[in-house]
Structure formats: structure tokens, C-alpha cells
Amino acid sequence: MIELREIRKTYRQGGNDIRALDGIDLHIAPGEFVAIMGPSGSGKSTLLNVLGALDRPDSGRYRLADDEISALDDDAASEVRNRRIGFVFQSFHLLPRLTVLENVLLPQRYARVADPEAAGRAVALLERIGLGERTGHLPGQLSGGQLQRAAIARALLNRPALLLADEPTGNLDSKSAADVLALLKELHAGGQTLVLVTHDPAIAAGAQRTIHLRDGRIDEVAA
Ligand code: ADP
Ligand code: ADP
């Protein structure tokens, strides 16, 4: 499903080279639930950005399902990103003046082809995650846990092959974090491939496999 080979990414910072990713080899099978942990500055965000085709490594190969992402130009990479990858962020990133349902439908705005079934799918997703009664609410009327569940529904709208999350529970109290983890586990049980960055050992414990980064390298892989 995901194959990273010898991925390297260097940033130039005040005359110094910072090796954000220093030779990452990683294979993720379809339907796997993988957590990425590591100290601040170890390369977690850079790795997630490469997996999300948001950032291009300096060298190495990245294949996602049938797409050799590393061989694509920027337009083709962004097309793959919109079609195959869903993103969830620590701070939810919902638009405050759109209703919950309109927010969940946002990925359709960027789709090349209008999907007449998207609205029905959005409502079904919101019902499934317990927000069926909130579709017409504005984000300001929801709790943090509800906002993150709505953001997950939005990330799933286009039925992505890969769901990526950057600290999805970082802004949540422990009860809401447990709700979000339960939802992620349910998605995993349904076959969704999931990769998330987290500092929270309880969230990582819910994943199948934890990858520890240190100085841009994979330091340890724990089941
Ligand atoms: P983490 O997510 O684990 O905190 P990052 O991937 O954000 O780590 O960063 C890895 C290293 O690369 C850090 O030293 C960081 O300062 C550096 N870095 C990340 N992004 C940039 C950038 N856009 N420009 C310069 N340096 C960067
Ligand atoms: P996170 O909480 O995800 O680790 P960071 O604050 O490390 O977030 O990084 C936020 C964004 O800023 C990332 O996209 C990262 O690539 C970029 N970034 C990180 N370090 C630097 C840096 N030293 N200079 C420029 N951009 C950076």
C-alpha cells in the first residue's frame, strides 16, 4: 500500500543543513493503523507531509497504491492527494461560517468531477459518528471532540485510501480524546489505512504499530 525507500529531506537553516528525514524506509500494508512518535524536531511533521504528498523529499521513492508519487509533477501529485488522501489536524481546521454539513462537503469543492452522492454520504458519515443531529450547526456550537469527529468525517468524504492525522487529540480533553480514538479504531476495523502522529501514549497504544523517529531516522518499531 505504502512504500517509502531511502527518503531524505534537508532544510537549510541559517547556513546549516538540517536533515529532517535521513533515509526513511517504511512499508505500510493496506488497512494498517500506524502511529508515529518521537521528540520535537525528529521529523514527524516532515514525514507526514511527505506521506500526504504535501512536501517533496530531496531523494528517495514513495509509492501509494498504484501511484509512484515521487515520479509525479506537482499537479499530478496534488490530484492524487485530493483523490486518495484525507487529512486531520490538531486544530480541526473547520471553517467557522459554514455548517457542519457544509464543512464535511468541502472536499467536493476541490474535486474535478462533482459527485452527486457526496451529500448523502456526508449525512451518513455524520450519523455514523454521532453528529446526525448537528448537521446544521456551526462549528462554534460544538465541543472539541465533536469538532474533531466532524473533521474526520470531512477527511473521509472522498473515500481516501489513506487517512493521515497530525496530533488529532492534541487539543482534546481525555474523554474526547478517547472518543476520537474509538472512532479511529472503528475506521481501522472497517479496513481504513491510518497513519497518525501523536505524543499521547494512550493513542499510540490503540495503533497496531508505533514507529519512533529520532533525528530523521526510524529509531525503533514497536508492535
Ligand atoms: P517534528 O514534527 O518531529 O517536530 P519536523 O518534521 O517539524 O519535526 O522538523 C524536523 C526538523 O526539520 C527540525 O529540525 C525542524 O526545525 C526542521 N524543519 C522542518 N520544517 C522546516 C522548514 N520548512 N524550514 C526549515 N527547517 C524545517
Ligand atoms: P508540529 O506541532 O506539527 O511539530 P511545528 O511547529 O514543528 O508543528 O511545525 C509546523 C510547521 O512549520 C510544519 O509544517 C513544519 O514543516 C514547519 N517548520 C517546522 N520547523 C520549522 C523551521 N525551523 N523553519 C521553518 N518552518 C518550520
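Which count do you get for residues in the range 111-146 that are in a loop (DSSP other than H, G, I, E, B) and surrounded by 12 or more Cβ atoms within 10 Å (Cβ to Cβ)?
The total comes to 10.
Report yes if some residue within the range 185-197 is in contact with a Lys or Arg (Cβ under 8 Å, 6 or more places away or on another chain) and not in a helix (DSSP H, G or I); otherwise report no.
yes
Quickly run through the range 170-191 and pick out the residues that are in contact with a Leu (Cβ under 7 Å, 6 or more places away or on another chain) and open to solvent by 30 Å² or more (accessible area, probe 1.4 Å).
Across the range 170-191, the qualifying residue is only His188.
For the range 153-180, what are the residues that are under 18 Å from Ala35 (Cα atoms), in contact with a helix residue (DSSP H, G or I) (Cβ under 6 Å, 6 or more places away or on another chain) and in a helix (DSSP H, G or I)?
Selection gives Asp179, Val180.
Find the residue count for the range 5-34, including only residues that are of a type outside the set (Phe, Trp, Tyr) and more than 13 Å from ligand 1 (Cβ to nearest atom).
The qualifying residues number 12.
Can you work out which of the residues in the range 1-57 that are in a strand (DSSP E or B) and of a type in the set (S, T, N, Q) is most open to solvent (accessible area, probe 1.4 Å)?
That would be Gln13.
For the subset of the range 204-223 comprising residues that are touching a residue at least 40 places away in the same chain (Cβ under 8 Å) and of a type in the set (A, V, I, L, M), which member is most open to solvent (accessible area, probe 1.4 Å)?
It comes out as Ile218.
Identify the single condition in (1) away from ligand 2 (no atom under 13 Å from the Cβ); (2) over 18 Å from Gly170 (Cβ atoms); (3) in contact (Cβ under 8 Å) with a residue 12 or more places away in the chain that Asp55 does not satisfy, given that it satisfies every other one.
(1)
Take the range 91-105 and flag every residue that is open to solvent by less than 70 Å² (accessible area, probe 1.4 Å) and closer than 21 Å to Leu51 by Cβ.
Answer for the range 91-105, where residues must be open to solvent by less than 70 Å² (accessible area, probe 1.4 Å) and closer than 21 Å to Leu51 by Cβ: Ser91, Phe92.
Among what's in the range 58-80 and is outside any loop (DSSP other than H, G, I, E, B) and without any contact (Cβ under 8 Å) to a residue 24 or more places away in the chain, pick the residue that is least open to solvent (accessible area, probe 1.4 Å).
So, considering only residues that are outside any loop (DSSP other than H, G, I, E, B) and without any contact (Cβ under 8 Å) to a residue 24 or more places away in the chain, the one least open to solvent (accessible area, probe 1.4 Å) is Ile69.
For residues in the range 192-203 being more than 17 Å from Met1 (Cα to Cα) and surrounded by 21 or more Cβ atoms within 10 Å (Cβ to Cβ), which is nearest to ligand 2 (Cβ to nearest atom)?
So the residue we want is Val197.
Of these, Gly15, Gly41, Gly31, which one is more than 14 Å from ligand 2 (Cβ to nearest atom) and at positive phi?
Gly31
Checking Ala153 against (1) open to solvent by less than 30 Å² (accessible area, probe 1.4 Å); (2) free of Cβ contacts under 8 Å to residues at least 60 places away in the same chain; (3) over 12 Å from Asn103 (Cβ atoms), which single condition isn't satisfied?
So the condition that Ala153 fails would be (3).
The values are calculated or read from the model by the stated rules, or taken from the named source; none is laboratory data. Being a predicted model, the structure only gives us computed values, none of them experimental. Note that we place each Cβ from the backbone using ideal geometry, even for glycine, and neighbour counts take in every protein chain shown. The protein model used for the area step is the full one, side chains on, heavy atoms only, and it has no ligands, DNA or RNA in it. Shrake-Rupley method; radii C 1.70, N 1.55, O 1.52, S 1.80 Å.
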